[in-house]
Each structure stands twice: as C-alpha cells, then as structure tokens.
Amino acid sequence: MCELSPEFRVEGAFHFGNRSVVPSVPTSLICYSAQMTLDDLRVSRWTRTFSLCVLLLFGCFTPCLAQTGAADAPAPAKSKESAEFLATADEVLQEMSQITGLRLRAPVKKTLRSRDDVRAYLIRQIDDDKNPQERYADARAAEAFGLIPKHFDLDPFMVDLMTEQIAGLYDPKAREFYIADWIPLATQKPVMAHELTHALEDQYFHIEEWSKAVHTNGDATLARDAVLEGSAMAAMVDYMLRDRGLSLKDLPGFDPSMLMGDLASSPKLEQAPRFIKDALMFPYLSGLNFTASAIRNVGWGALSTLFTKPPLSTQQILHPALYKSGKVPRAVSVPSFEKPLGSDWAKLEDDTMGEFGWREILQQFIDKDSATSIAEAWEGDHYIVYEHKQSKKLVLATRLSLSSDETASRFFGRYSEALEKKYAERSHLLRRPNFFSFDTPDGSVFLRCVATDCITLEGADRKVFAQWNSDLKWPPLPEPPQKPEADPTKVALLWPSSIRAVGFP
C-alpha cells in the first residue's frame, strides 16, 4: 500500500451533533501498496486497479511497492532519526492492533526510504507488475472509452504522480513497511496508522493473494481494493480521534471528502485526467464510507466479514445496503469478434467496468448528476477492445444490463448524446427509437437497447453489428435510408447540352 503525501490534509473539523473535533495532525491520503497499478485503473483492470488501480493509478494502486521481492528493495536510508522513527512505528503498530482488534502475530519489518529510493522502486514495480505490452493494452482500452486523452503517455505520468504523492507504504510480498524519510515524524503518524493497518490485515487475510483472487474481473478487484484502503482509512481516522475518546462510529455524518485538501498543492494530481483522479480516490474515500457502514453498529469485529465475504462489485461499495442484502451482479457476456474482424485485429482487453466505471465513462460527456443516476441502474456489463495491428485503430464492444426498460431508455438517450460528443466527425447519422448509428473516419458507431440491455460497437462496420444483433435474437436493425435519386432539377439543367450533342441548335 502506498500512502499519499501530506498535501492531502484535514483542513476543517469532523462534525457530529453540536460539536466539532479537529484532528491534532494533518492527514495524508493513502495509496495501497503493491497491488494497484495501471491494471486497477482499468477499472476493470485499469485500476490494479483500470481500471479503469482502472486503471492509471494503474501504476501504483495496489502494489505501489509490493510486488517485487525484498531483495530488490532499495537500501535503507541512513538517518540519525531512524531510531526515533522506528520506535514510533512500533508504538503506532501496537495502537492499531488495539483499535482493529487484530493481534500482532509476527514482527513487521520497518525501514526508512528516500524519495529517490521510492521513485526507483516504483519504476521497477511497474515493470515487474506488467510487461510493456500489457501496460500498452491497458492504456489503449482506457483511450477507447474516452477516459484518457489519445496518446496519453501514462507510464511516466504515473511515476511522477506517485513519486509526488507517496508518503509511506507497506509491501505485502516482503512484509515490510517503508517510511518516507523526507516527512516529519508528527506528520508520519497517520501514515503509519494506515500502512500498519495493512500490515496487520496481511497477517490475518494475506492481502496480496486475497486481492488477486478476482483478477479476471476488474470491477470486483477494485471493490476489494476499496475494502483494503477503506478499512485502513477508517482505522486511521479512529487513530486520530482516539485521544478524545471518539471513533468513526461516533460520526454518523462523517464526509470523507473533508480529508482532501487543495489539489493545487499537488501539481501532478491537478494535471491528471478526471478518470485518474477519481480512480485514485475511489478506494480511499468510497472505501471509507463502505467500511464505516460495516463497523458502525458492530465495531471492528465486522472487519473479518469484509475479507471472508468480500463485496462483489463497486456497486456494493457505493451502496453498502446492496452489500448487506447480498445483491449479485448479473452475468453479462460479449461475443468474440476475432472471426468477423479477421486476423489483422488483436484483442487487447476483455473485462467488466461496473457501476463506478460506467459512471466515469458517462461523466466524460454528460453532467455528473445524470451520469451518477444512470450508472446507479447498473446490473452487470462486459466489454472487449480490439486493435488493428497496422493502423492501430480500435474496436470497442460493450454490453450493459440495466435495472429496467425505463432506465435502459434513459441510458440510450444520454449515451447517444455522449457518443456524438465523443466523435467530432460524424456522417450518415441514423436515429430510431432504440437504435442509433453514424460513421466516423475510424469506422462506424452503433448503439442499440432492447428491454433492459444495451449494446455498443465502435470502430467496426454494420455487418459485424448486424451479426451480433442477430445472435442476440433481437429484431432486425432499422434499414438506413436508400440513396436518393439524382436531383431532377440538376438533370433538367443538363438537357441543353445533351440536345446540342445530337445536333439540335
């Protein structure tokens, strides 16, 4: 797990009842160790955690530093303050054990690291976690959805961003806590509280293996990341309030966004595309809300349930009542298009976006409230991305299942609007009650909704979409208008020259 730097501060107070509680030290947003990389951000996988740590945070969400072995770790920083830092970490570890109820089973290794050490380690981590082709596929899939700009140079951006933000991290592979040597000890304590909660959880739930157990489903992976980061955030808040005899469950109206400071103090994060920002924050802020809901009535004894019966989707994270009710996402599939597209195309991605992912997609093109409302009707989805081997053009196929015919109709209306905004150059537009299509320089775009399901195909031709429609046993596609006959007025204007051609004056 990696902790983000103290630029993320509690600027105000926690309010409950008629009282306010001001934390004694500034807080940091935290970023889970070695599991969240570009894969998480894919949301779907870009977010590993993209998920799309859905990406993009794809580079450091989950593993920030957790996937290389201890032998690869940079040498501990030499500092006269080392002993004080390490002693403080031991004290915080004991306090987190008391707060969470997770008894320390084995010592946790702790070392001080410089910023240069962390940056070098991040670069190695990104290379170890995914090869260049896999990272390329993640970025292109995010681009296909319009989540990041075309040709966005993701790897160096993420290294710079995470170097700017990291304040500390826990490596579950090496079972080691890395302490940033450039941050004052007082500011480090909340970071320690967060990361050492991960260390305790690792001793009970083996967090790296637990997170990877659903690696083929990016949405489910991001949901597990939210459990990891949200529970550590909740423990951190309890740590900050402990001297006042309070805990998170005493703050029913607590708003996690108050942990965020001014993004202007974090230049790289401020520059990041919206999706990267949101995917980075989701596990911490939405995860904190989810954890708070779980422990509010029963205390930290509920933590083990979150690991033994983890949430199945980001929808359950966003709506904790759906987790408690046991709502299961609907199984949705998209067929392989390898045969109709031909051998010149290669599959890049094959995954699930989830409610969080579709909310992010819609927000790129329509207002946030409408995007949130439509995404809340999510029941299940799947998508596939292909790339042409020579031209590098993309084909994106998605299938989204919604809660009712009415919400599918709403999605059709707003997503057709979104697609028009996504593609500046359009021609041959055809709009019918449940069918929408147009041509672009990179291929045709199709959207169709029948009952509660909607499918899209971007970058292929009508023949491919018609075959998919037929395989679903949906009604035939509306026929495009026939080419109009030549304008009779223009034909008439040709008569004089025609007449002269046969010798008339």
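The values are calculated or read from the model by the stated rules, or taken from the named source; none is laboratory data. Predicted model only: the values in this text are computed from it and were never measured. Counting neighbours? That spans all protein chains shown, and the Cβs are built from the backbone with ideal geometry, glycine included. Accessible surface is based on the protein model in full, side chains and every heavy atom, while ligands, DNA and RNA are left aside. Shrake-Rupley method; radii C 1.70, N 1.55, O 1.52, S 1.80 Å.
Structure data summary
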quantity: The range 262-415 - convex hull of the alpha-carbon atoms, volume per residue in Å³; calculated: 169 Å³
quantity: Packing rank of 289-295, 117-123, where each peptide gets the mean count of other beta carbons within 10 Å, highest leading; calculated: 289-295, 117-123
quantity: Cβ charges +1 (Lys, Arg) and -1 (Asp, Glu), total dipole of the range 124-222, debye; calculated: 100 debye
quantity: Protein-only accessible surface order, largest first, of ASP471, ASP453, ASP255 at 1.4 Å; calculated: ASP471, ASP255, ASP453
quantity: Lys, Arg +1 and Asp, Glu -1 on Cβ, resulting dipole of the range 302-353 about Cα centre, debye, nearest 20; calculated: 440 debye
quantity: Surface share of carbon and sulfur [accessible, 1.4 angstrom probe, percent] for the range 230-336; calculated: 52 percent
quantity: Simple label model, 7 Å out from Cα along Cβ direction - GLU134 to GLU338, nm; calculated: 1.9 nm
quantity: Ranked packing of 134-141, 401-408, most packed first, by mean Cβ within 10 Å; calculated: 134-141, 401-408
quantity: Whichever aspartates and glutamates have a C-alpha closer than 16 Å to that of LYS473, once near sequence neighbours (fewer than 8 apart) are set aside; calculated: ASP453
quantity: Computed log₁₀ I(q)/I(0) - Debye formula, equal Cα scatterers, no solvent, the range 347-429, q 0.15, 0.16, 0.19 Å⁻¹; calculated: -0.60, -0.68, -0.92
quantity: At R0 = 60 Å, FRET efficiency that the Cβ-Cβ distance of LYS327 and SER82 yields, to 0.05; calculated: 0.75
quantity: Peptide ranges 89-97, 186-194 listed from the most packed, as the mean C-beta count within 10 angstrom indicates; calculated: 186-194, 89-97
quantity: Per residue solvent-accessible surface (Å²) - the range 114-255, probe of 1.4 Å; calculated: 33 Å²
quantity: Accessible area per residue, Å², the range 350-479 with all protein chains present, probe 1.4 Å; calculated: 40 Å²
quantity: Sulfur and carbon atoms: percent of accessible area, the range 338-414 [1.4 Å]; calculated: 43 percent
quantity: Of all accessible heavy-atom area on the range 88-216, the percent that carbon and sulfur account for (1.4 Å); calculated: 52 percent
quantity: Alpha carbon Rg of the range 103-216, scaled by the compact-globule rule 2.2 N^0.38 Å; calculated: 1.23
quantity: HIS198, HIS151, HIS382, HIS215, reordered so the largest accessible area comes first (probe 1.4 Å); calculated: HIS151, HIS215, HIS382, HIS198
quantity: Positive-end residue of ALA106, THR197, VAL92, charge dipole of the range 78-203 with Cβ unit charges; calculated: ALA106
quantity: Pairs from LYS109/LYS277; LYS277/LYS421; LYS150/LYS268 whose Cα-Cα separation, in the structure shown, is over 28 Å; calculated: LYS109/LYS277
